[in-house]
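The block underneath contains the structure these notes are about, expressed in structure tokens.
The values are calculated or read from the model by the stated rules, or taken from the named source; none is laboratory data. This one's a predicted model, so the numbers in the text were calculated from it and none came from an experiment. Reconstructed Cβ throughout: ideal geometry from the backbone, glycine too, with neighbour counts over all protein chains shown. When the accessible area is computed, the model is the full protein with side chains, heavy atoms only, and any ligands, DNA or RNA have been set aside. Shrake-Rupley method; radii C 1.70, N 1.55, O 1.52, S 1.80 Å.
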Amino acid sequence: LTDVTGVQTCALPISLFEGEKEELPATIQEPVTTADSLVIAEGNIVPREDTRLFISTGGLVSEVLVEEGQKVSKGDVLIRLGERESYEAALSAAKLEMVNAQKQFDDLQEKAALAYNQTLANLRAAEQALTLAEQELADLDTDEFQDDIDDAKNDITDAEEDLEDAQEEFDKNKDLDEDNTRRKNAEDDLESAQDDYDQAVRDLDLLLNELDQAHATLSLAQARVDDLSREAEARKDGPDPDELALAGARLDNAKTQLSSAQAALERLDLTAPFDGVVVEVKTFTGERVLPNQAVIVLADLDTLYVETNDLTENEVVKIAEGQSVILTPDALPDLELTGRVENISQAYGERAGDIVYRVRISLDESDARLRWGMTVEARFETSAP
């Protein structure tokens, strides 16, 4: 069986009562002996808990830190894989991102009041700039300024007429010799008229540009005030919601990445899931193990139990939890132990056509000579039918 931590568990002898029913060989154990007030079954010594451990990722074994027979505590590292550099680098990067994300989130929380006050200050400055822009436009966009524009337009009209006259005069004399005085005078008058026209156009453009600039400055100032007003409204009750949501999402992602990187690195170390004894080591330093390959057998041998798997449906109904049991190990026939029924399995199996159930018996006291797997005769006192 494999639990959610990647640990394969199995009590020895292997129990067949944790899943689908299975047909058990009829020759595995002696049949149950019954009398009117006695049920006798055969069981085996089992530890309180045992498991076969594997490293879920697989890889190259760099250290085997335990040996067979060694006692270990829950959380002790038993086997360590090598080739850890990429995992350690990923963990370092995740830790750094976690620090930065947490700082960003905390800064938003701690500096919310400061950010709000700064936004208000910026808003007041923007409102002042808007007032100035409005005043500048008002000072510029007057009847007098409009008269200047009209005058500039008239100047362009006059200059354009002068230019046309000069062009006409030049056209009359352009075929004359280039040194001819009349031709030269006409050409000079044309150039002068062109300069006057160009200057008149520039003068009008300057006036119009000045007015356009004043309107643009006012529009920008108004947009700035609008933006800061919205920002101040958003910040008055704390950090900006959008910024806070973004920082929170970044922090959540950093936590997930850190947890993932930490778990990936930890999977390179095989640790003891409970206090116990290393019963068997199935690998060595330098070996490359596969995922789900059992490498350690661990058992809690401090407390031993007896499990019997051959009580039939007709016999198990005569047994009750808490009932006393007399136990005699086959290897120690002169040793008589007492125990009590701790658990009767709800699941069942099949053996030689019979429905059978597992019964777990706790010992009232143990003996140092008992070993995992020893065969034990269990005698249940029952009431006569």
**Fill in**
Interchain or sequence-distant (5+) residues whose placed amide H lies within less than 5 Å of the amide H of E49 are D300
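R202 to F284: extension gain in nm, 0.36 nm per residue of separation minus the Cα-Cα distance?
On the way: separation 82, 0.36 × 82 = 29.52 nm, distance 9.24 nm.
Value of the extension gain: 20.3 nm.
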**Item:** Backbone HN-Hα couplings from phi across the range 279-288 [Karplus 6.51/-1.76/1.60, Hz, Gly and Pro as x]
**Value:** 7, 8, 10, 10, 8, 8, 4, x, 7, 9
**Prompt:** On a 0 to 90 degree scale, rounded to 10, what angle separates helix 85-110 from the longest Cα axis of the chain?
**Reply:** 60 degrees
**Complete:** Computed, not fitted: 222 nm per-residue ellipticity of the chain from DSSP H runs ≥ 4 (each -39500 (n - 2.57)), nearest 500, equal to -16000 deg cm²/dmol
**Prompt:** For the pair D364 and E168, how long in nm is the line joining their label points, each one 7 Å along Cα→Cβ?
**Reply:** 14.2 nm
**Request:** Work through the residues other than E342 whose Cβ is under 13 Å from its Cβ and net out their charges, Lys, Arg +1 and Asp, Glu -1.
**Result:** +1
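Roll a 1.4 angstrom probe over the protein heavy atoms and tell me the percent of accessible area of the range 128-249 that is carbon or sulfur. Show your work: numbers first, answer last.
Working: 3610 of 8310 Å².
It is 43 percent, rounded to a whole number.
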**Request:** Could you compute the FRET efficiency for F274 and R371, with r as their C-beta to C-beta distance and R0 at 30 Å, rounded to 0.05?
**Result:** 0.90
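By the scheme Lys and Arg +1, Asp and Glu -1, what is the net charge of all other residues having a beta-carbon under 9 Å from that of A101? Before the final figure, lay out each step's value.
Values: positive: K103, R250, K255; negative: E97, D252.
So the environment of A101 carries a net charge of +1.
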**Prompt:** Among the lysines, which have Cα under 28 Å from the Cα of K111 when same-chain residues fewer than 8 positions away are ignored?
**Reply:** K95, K103, K236, K255
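If the chain between L332 and T157 were fully stretched, how many nm would it gain, using 0.36 nm times the residue separation less the Cα-Cα distance? Walk me through the intermediate numbers first.
Details: separation 175, 0.36 × 175 = 63.00 nm, distance 13.15 nm.
Length difference between fully extended and current span is 49.9 nm.
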**Request:** Work out how far the C-alpha atoms of the range 242-385 reach from end to end along every principal axis, then list the three figures in whole Å, largest first.
**Result:** 79, 43, 33
**Request:** Convert each backbone phi in the range 176-188 into a coupling constant with the Karplus relation 6.51 cos²θ - 1.76 cosθ + 1.60 (shift: θ = phi - 60°), then list the ³J(HN,Hα) values in order as whole Hz, x for Gly and Pro.
**Result:** 6, 4, 4, 8, 5, 4, 5, 5, 5, 5, 5, 5, 5
**Message:** Counting only other residues whose beta carbon sits under 13 Å from that of G75, what net charge do I get with K and R as +1, D and E as -1?
**Reply:** -3
**Fill in**
Taking the alpha-carbon centre of each part, the distance from the range 231-299 to the range 321-385 in Å is 43 Å
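Which of the three applies to the range 64-177, rounded, prolate or oblate, going by the alpha-carbon gyration tensor with a ≥ b ≥ c and a/c under 1.5 meaning rounded?
Details: a/c = 16.66, a/b = 2.75, b/c = 6.06.
Because a/c hits 1.5 or more and a/b fails to exceed b/c, the range 64-177 counts as oblate.
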**Prompt:** If you average the sequence gap of Cα pairs under 8 Å that are 6 or more apart and divide by the length of the chain, what percent do you get for the contact order?
**Reply:** 35 percent
**Asked** Taking the structure as given and computing Rg/Rh (Cα atoms, Kirkwood Rh), which label from (1) 1.25; (2) 1.56; (3) 1.01 fits?
**Response** (2)
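Listed highest first by mean packing, meaning other Cβ atoms within 10 Å per residue, what order do 65-71, 342-348 come in? Write down the numbers at each step before the final one.
Values: 65-71: 13.0, 342-348: 14.6.
Going from most to least packed, we get 342-348, 65-71.
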**Fill in**
At the level of C-alpha centres, the distance separating the range 105-160 and the range 170-194, in angstrom, is 50 Å
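Sorting check: for 171-178, 240-247, which peptide has the highest mean count of neighbouring beta carbons within 10 Å, and how do the rest follow? Each step should come with its number before you reach the end.
Working: 171-178: 11.2, 240-247: 14.2.
Per-residue mean Cβ counts within 10 Å order the peptides as 240-247, 171-178.
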**Request:** With a cut-off of 16 Å, note down the residues of the range 234-256 whose backbone N falls inside the zone around a label point 7 Å from the Cα of L114 toward its beta carbon.
**Result:** 238-240
**Request:** Within 10 Å, count the other beta carbons around each residue, average over each peptide in 41-51, 104-114, and list them highest first.
**Result:** 41-51, 104-114
